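Undergrad: Please see the structure below; I have some questions.
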């Protein structure tokens, strides 16, 4: 079996890895990983959308589709871009808790 040359541990710069949920120090590694969580609770907390954001998104939908306000008027009232409001309208408001959940 062929063994590839390994770098000397003293020559490699180590980086701390922190939990993406709570920020605790999890490990030390040579290269930083994309997303590391210390336990399942931190992963689940990261998946939930804040209730105020969900309420705001439902308000966008109600004001535009039911009351007939323009996207520009709602954008000015909430100080949010028209593009973001159009994204919320395209997504719909039935699945706002499922949006943004990542596979474990």
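The values are calculated or read from the model by the stated rules, or taken from the named source; none is laboratory data. Small disclaimer: the values here were computed from a predicted structure and weren't measured. Here Cβ is always computed from backbone atoms with ideal geometry, including for glycine, and neighbour counts include all displayed protein chains.
Undergrad: Looking at region 1-29, I want the residues that are exposed (fewer than 10 other Cβ atoms within 10 Å of the Cβ) and have a partner that is assigned to a loop (DSSP other than H, G, I, E, B) with Cβ atoms under 7 Å, at least 6 apart or on another chain. Which pairs are those?
TA: 28/14
Undergrad: Looking at region 54-72, I want the residues that are closer than 14 Å to residue 88 by Cβ and have a partner that is at pLDDT 90 or above and assigned to a loop (DSSP other than H, G, I, E, B) with Cβ atoms under 9 Å, at least 6 apart or on another chain. Which pairs are those?
TA: Once the first residue is closer than 14 Å to residue 88 by Cβ and sits in region 54-72, its partners that are at pLDDT 90 or above and assigned to a loop (DSSP other than H, G, I, E, B) give 56/80; 60/80; 63/69; 64/70.
Undergrad: Right, another one. Output the helices (runs of 4 or more DSSP H) that fall wholly within region 3-89 and possess 2 or more residues being at pLDDT 85 or above, or say none.
TA: By residue number, 51-61, 71-78.
Undergrad: Please identify the pairs in which a residue from region 78-100 that is closer than 12 Å to residue 58 by Cβ has its Cβ atom under 7 Å from the Cβ atom of a residue that is at pLDDT 90 or above and assigned to a helix (DSSP H, G or I), counting only partners at least 6 apart or on another chain.
TA: Once the first residue is closer than 12 Å to residue 58 by Cβ and sits in region 78-100, its partners that are at pLDDT 90 or above and assigned to a helix (DSSP H, G or I) give 88/60; 89/60; 89/64.
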